[in-house]
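Enquirer: One structure, pasted below without further comment.
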Amino acid sequence: MSENVQVVVRVRPTNKKTCFQVQSQTIKTLEPPVKSFNFDHIFDESSSQTDLQAELCSKYVLNALEGYNACIFAYGQTGSGKTYTMRGGTANPGIIPLICEELFEALELDNTTVSTVTITYFEIYNEKLIDLLGDTSPRVREANDKKTFVQDITTFRVNRVEEVLEYLSVGDVKRSVATTRMNMESSRSHAIFTLSIKQKEPDGSIRESDLKLVDLAGSERANATLGIDNGRRMKEGSNINKSLSTLGRCISQLAKNSKLLIPYRDSLLTWVLKENLGGNSKTCMIACISPTDLEETLSTLRYATTAKDIKLSAIMNEIVPNVNEDMKAAIEAAAKSRKELELLRAEMSLLQSEHNTKSEQWKTHEKLLEGFKHVTKLNDFLENQLKHEISKSRDLQRENKISRLDKNNTQDALLRIVGALFVEHTRSPKSVTIDNLVSDLDDFIIQLDNDISSIV
Ligand SMILES: Nc1ncnc2c1ncn2[C@@H]1O[C@H](COP(=O)(O)OP(=O)(O)OP(=O)(O)O)[C@@H](O)[C@H]1O
Ligand SMILES: [Mg+2]
């Protein structure tokens with residue numbers, strides 16, 4: 001199903017005169033000519049990291065756990081708060097650490113799924129890809145299905161949020177940062193942190209997803225970023241502007257749904273983010289603004305407005321065992337057994353009322369034993385049905401976005417029902433009376449009818 005890129009704005013707090021006013025989902029200039037822009041969400045100057053967490057982190061963690069590739073990237077002029085928003089500090093962690101925290105919390109709650117999480121962290125500096133967690137020389141490659149991926153990059157498997165935070169700190173030390181006129185710690189590169197999640201369910205299905213969290217370098221005018229080592233800053237600046245202008249061209253062509261070739265290949269940044277910009281991904285752009293700068297902010301808001309029109313086609317990356325065929329066979333077998341059991345029940349009732357002699361009772365007993373073989377088969381059917389119910393509860397989770405905890409509770413409840421039915425119908429036939437057995441079979445047939453009609 002196609003879905004647009006989600007675009008939100010974050011306004012950096014300032015004690016200088018601001019040129020903009022925020023009203024709910026609208027931001028407009030204070031001075032005439034008034035220009036007004038609407039977005040999915042605007043985090044105003046008073047917004048905290050926790051506000052971003054509530055609005056974005058849970059949603060994108062859920063997307064990733066459902067098997068969708070996802071991406072959140074922060075865009076905006078230098079000094080507008082991209083690194084603060086994505087990375088934050090120890091006292092006020094940003095989206096990257098908060099997402100990791102939510103992810104591990106969700107995985108811990110789920111004791112039926114076997115999950116593996118791996119991470120990579122790299123930067124694009126002067127049109128070169130640099131591994132921030134190792135000394136490899138990674139390259140971007142295109143797979144047969146035209147999707148791009150990073151090859152030969154250091155990957156770490158992580159089990160706890162604390163481990164991720166350590167790796168992030170290691171990577172941040174290596175990241176290219178410099179002091180410029182606009183920002184004491186200006187990011188001179190685009191940093192891309194990726195969480196790859198693989199989940200195996202008890203029914204054998206596997207879900208895989210990549211969640212990319214991107215802190216872009218700032219869009220900037222050359223004189224805005226000068227400080228020390230001007231020659232180097234200029235070169236960095238021109239490479240940053242080159243990749244951001246390519247990003248802009250890709251965004252504008254994708255937004256127009258252009259039939260022209262999208263120029264992903266023109267910069268490393270857009271080549272790496274190809275799928276997240278125009279393909280199989282759920283993507284969010286956070287446009288960061290510093291509301292004191294009218295022209296730069298207007299340019300960011302226009303850029304962000306264009307991005308709202310991009311349509312993506314995220315698909316759930318899930319491999320499901322062939323449940324449908326199994327279910328069909330189980331339903332057919334169960335329906336056949338049900339007919340036989342009905343005949344048996346009718347015959348037993350007749351025998352009880354008309355020929356209640358010892359030898360007839362014995363014959364009935366034998367038939368009952370036969371009947372219980374069917375019951376065992378039917379329990380197999382119920383187990384299959386359980387699998388089906390589990391996948392139905394997963395669908396429900398997707399539709400209603402119910403929490404993983406609710407999903408686990410649903411599964412536990414189903415397991416209990418099936419467990420109870422199993423015990424009920426595998427009691428030794430010798431230890432119960434014929435009347436009880438007949439009534440058990442009656443109940444079981446009614447139950448089975450209900451089960452079959454709830455599936456078909
Ligand atoms: N919402 C905020 N609340 C408090 N401080 C903020 C906020 N946003 C940004 N800052 C502060 O503003 C300064 C610049 O922010 P930051 O480094 O995140 O900008 P940037 O957009 O990443 O810039 P660059 O493109 O140069 O890397 C930092 O000192 C940061 O702590
Ligand atoms: Mg930065």
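The values are calculated or read from the model by the stated rules, or taken from the named source; none is laboratory data. Quick caveat: nothing in here was measured; it's all calculated off a predicted structure. Here the Cβ is made from the backbone with ideal geometry for all residues, glycine too, and neighbour counts use every protein chain on show.
Enquirer: State whether one or more residues within the stretch 155-178 are within 23 Å of the chain's Cα centre (by Cα), within 16 Å of ligand 2 (Cβ to nearest atom) and not hydroxyl-bearing (Ser, Thr, Tyr).
Expert: Within the stretch 155-178, one or more residues are within 23 Å of the chain's Cα centre (by Cα), within 16 Å of ligand 2 (Cβ to nearest atom) and not hydroxyl-bearing (Ser, Thr, Tyr).
Enquirer: Hey, can you tell me all the residues within the stretch 179-199 that are surrounded by fewer than 21 Cβ atoms within 10 Å (Cβ to Cβ), hydroxyl-bearing (Ser, Thr, Tyr) and within 34 Å of the chain's Cα centre (by Cα)?
Expert: Listed by number, the residues that qualify are Thr194, Ser196.
Yes or no, residue by residue, for (1) more than 16 Å from ligand 1 (Cβ to nearest atom); (2) under 24 Å from the mean Cα position of the chain (by Cα); (3) not assigned by TED's automatic domain parsing to the domain that holds Lys200:
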position: Gly67; (1), (2), (3): yes, yes, no
position: Ile72; (1), (2), (3): no, yes, no
position: Tyr75; (1), (2), (3): no, yes, no
position: Leu103; (1), (2), (3): yes, yes, no
position: Gly134; (1), (2), (3): yes, no, no
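Enquirer: Also, quick follow-up: Between Ile119, Ile99, Ile95, which is of a type in the set (A, V, I, L, M) and within 15 Å of ligand 2 (Cβ to nearest atom)?
Expert: Answer to the selection: Ile95.
Enquirer: Same structure again: Just to check your reading of the model, which residue among Ile124, Ile130 is touching a helix residue (DSSP H, G or I) at 6+ places or on another chain (Cβ under 6 Å), within 20 Å of Leu168 (Cα to Cα) and buried (at least 16 other Cβ atoms within 10 Å of the Cβ)?
Expert: Ile124
Enquirer: Looking at (1) touching a strand residue (DSSP E or B) at 6+ places or on another chain (Cβ under 6 Å); (2) over 22 Å from Ser219 (Cβ atoms); (3) more than 16 Å from ligand 1 (Cβ to nearest atom), which is the only condition Gln49 fails?
Expert: The number of the failed condition is (3).
Enquirer: Step by step: first the residues of the stretch 71-87, then only those that are farther than 13 Å from Ala304 by Cβ and assigned to a strand (DSSP E or B), then the one that is nearest to ligand 2 (Cβ to nearest atom). Which residue is that?
Expert: Ile72
Enquirer: Follow-up. Look through the stretch 183-200, keep the residues that are among the charged types (D, E, K, R) and more than 9 Å from ligand 1 (Cβ to nearest atom), and return whichever of them is farthest from Thr116 (Cα to Cα).
Expert: Lys200
Enquirer: Would it be correct to say that Leu62 is touching a Ser or Thr at 6+ places or on another chain (Cβ under 9 Å), surrounded by 14 or more Cβ atoms within 10 Å (Cβ to Cβ) and part of a helix (DSSP H, G or I)?
Expert: Spelling it out, Leu62 is indeed touching a Ser or Thr at 6+ places or on another chain (Cβ under 9 Å), surrounded by 14 or more Cβ atoms within 10 Å (Cβ to Cβ) and part of a helix (DSSP H, G or I).
Enquirer: Consider Thr85 against the criteria (1) hydroxyl-bearing (Ser, Thr, Tyr); (2) over 24 Å from the mean Cα position of the chain (by Cα); (3) within 14 Å of ligand 1 (Cβ to nearest atom): it satisfies all of them except one. Which criterion is unmet?
Expert: Among (1) hydroxyl-bearing (Ser, Thr, Tyr); (2) over 24 Å from the mean Cα position of the chain (by Cα); (3) within 14 Å of ligand 1 (Cβ to nearest atom), Thr85 violates only (2).
Enquirer: Scan the stretch 230-253 and report the pairs whose first residue is under 18 Å from Arg175 (Cα atoms) and whose second residue is at pLDDT 75 or above and not acidic (Asp, Glu), with Cβ atoms within less than 6 Å and a gap of 6+ or a chain change.
Expert: Within 6 Å, the pairs are Glu236/Arg188; Asn239/Asn126; Ile240/Ala217; Ser243/Ser267; Ser243/Leu269.
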